[in-house]
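Everything below concerns the one structure shown next.
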Amino acid sequence: MLSQGLFLDKLWIATKKDGKKPSMAINRIRQLRLERGLSLTELAKKIGISESHLSRVEAGARGLHLSKMEALAGALGVPVTEILSVQSLSYMADLAPYIPPKGSAIEKALTSSTQKMFKVLSNVMSELGITEGDPIIADMDPKGLQKLELGQLVIAQIFTNNSVEGVLLLRQYIGPHLLITNSDDQNAMPIHRLRAKATVIGRVLL
């Protein structure tokens, strides 16, 4: 079984990669700061980080841990979810369905008809020891999704402009509306489920 450690201190705002535009969340930070008439220096002091750090966060070149994100939200007078608006972001799949060879030991690990196997395609849960190429088993029974615990690893499905069948993402469950990761991987974006229209479809067993 996987360790279900919770890495709330490792939550990062998504940063731009490979020359792409900053995420909606990053643009929102700058917008809120300007609306409140705060300079970079003033806001950085309120949060407890350097001006250069905040400037790089706004530019999408650096991440921000959850503790500082909470301070940022407080300084701007908004809930954290206001900063984590990700409804227009694109996601790369963290998982792909995997069918093990017939009669193999790994197939025998599936103990019920509601369990399915997936291959991990990213390192968004690397700090939990789950890395690219690993196989995982998830229970897709809807009844089990009604009993999710804080920190439970789940599979979320999200539809973007580029996906017809939906993208499968690996995240940790943090209450009814927020799913997070614990890595600075390129796909390590927190998800506000209502804004992103994400659905939890399975819970990871191992």
Where does the charge balance sit around Glu35 when Lys and Arg score +1, Asp and Glu -1, over other residues with C-beta under 13 Å from its C-beta? +3
Expressed in nm to one decimal, what extension gain is obtained for the pair Ser112 and Lys45 from 0.36 nm per residue of sequence separation less their Cα-Cα distance? 18.7 nm
In the neighborhood of Thr111, defined by Cβ-to-Cβ distances under 14 Å, what is the net charge if each Lys or Arg adds +1 and each Asp or Glu adds -1? -1
With r defined as the distance between the Cβ atoms of Ala96 and Leu34 and R0 fixed at 30 Å, what FRET efficiency is calculated, to the nearest 0.05? 0.15
Pairs beyond 30 Å (Cα-Cα), from Lys45/Lys197; Lys46/Lys147; Lys102/Lys147; Lys119/Lys147; Lys68/Lys143; Lys68/Lys119: Lys45/Lys197; Lys46/Lys147; Lys102/Lys147; Lys68/Lys143; Lys68/Lys119
What is the distance in Å between the Cα centroid of the range 44-60 and that of the range 97-136? 39 Å
Report, to two decimal places, the Cα Rg of the range 95-204 normalised by 2.2 N^0.38 Å (N = number of residues). 1.05
Using R₀ = 41 Å, calculate the FRET efficiency as 1/(1 + (r/R₀)^6) where r is the Cβ-Cβ separation of Ala71 and Glu132; round to 0.05. 0.80
Could you work out the local net charge near Ile191, counting Lys and Arg as +1, Asp and Glu as -1, over the other residues with Cβ closer than 12 Å to its Cβ? +3
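We did not get these values from a lab; they are worked out from the coordinates using the rules stated. The shown structure was predicted, so the numbers you read here are calculated from the model rather than taken from an experiment. Ideal geometry is used to build each Cβ from the backbone, glycine not excepted, and the neighbour counts take in all protein chains shown.
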